[in-house]
Amino acid sequence: MLKYEIILYWNNEDEAFVAEVPELPGCMAHGADRETALCNIKEAMQFRIERARELGRPVPEPKSERLMLA
């Protein structure tokens, strides 16, 4: 699988860890703990990439750049 940056954070409103992949718009997952959120986002990423390929849509290449926190 391609290596995309994953942002993982706690969401107080949902009371869950949320994982997002900025380079794959709309690709998000959550879990009660970090490990579950990471497992779920890996599945979501795989589905997102496979579905894009099935539909003949481009799959963004990972930029391999780190995000800067402000």
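The values are calculated or read from the model by the stated rules, or taken from the named source; none is laboratory data. Because the structure is a prediction, the values reported are computed rather than measured. Note that we place each Cβ from the backbone using ideal geometry, even for glycine, and neighbour counts take in every protein chain shown. Just so you know, the surface numbers come from the protein's heavy atoms only, side chains and all, with ligands and any DNA or RNA stripped out. Shrake-Rupley method; radii C 1.70, N 1.55, O 1.52, S 1.80 Å.
Some observations on this one:
- Checking each residue in the stretch 12-25 for being in contact with a strand residue (DSSP E or B) (Cβ under 9 Å, 6 or more places away or on another chain) and within 25 Å of LYS63 (Cβ to Cβ) picks out PHE17, VAL18, ALA19, GLU20, VAL21, PRO22.
- For the stretch 8-57, a residue qualifies if it is among the β-branched types (Val, Ile, Thr) and either free of Cβ contacts under 8 Å to residues at least 24 places away in the same chain or open to solvent by 100 Å² or more (accessible area, probe 1.4 Å) (or both), and the qualifying residues are VAL18, THR36.
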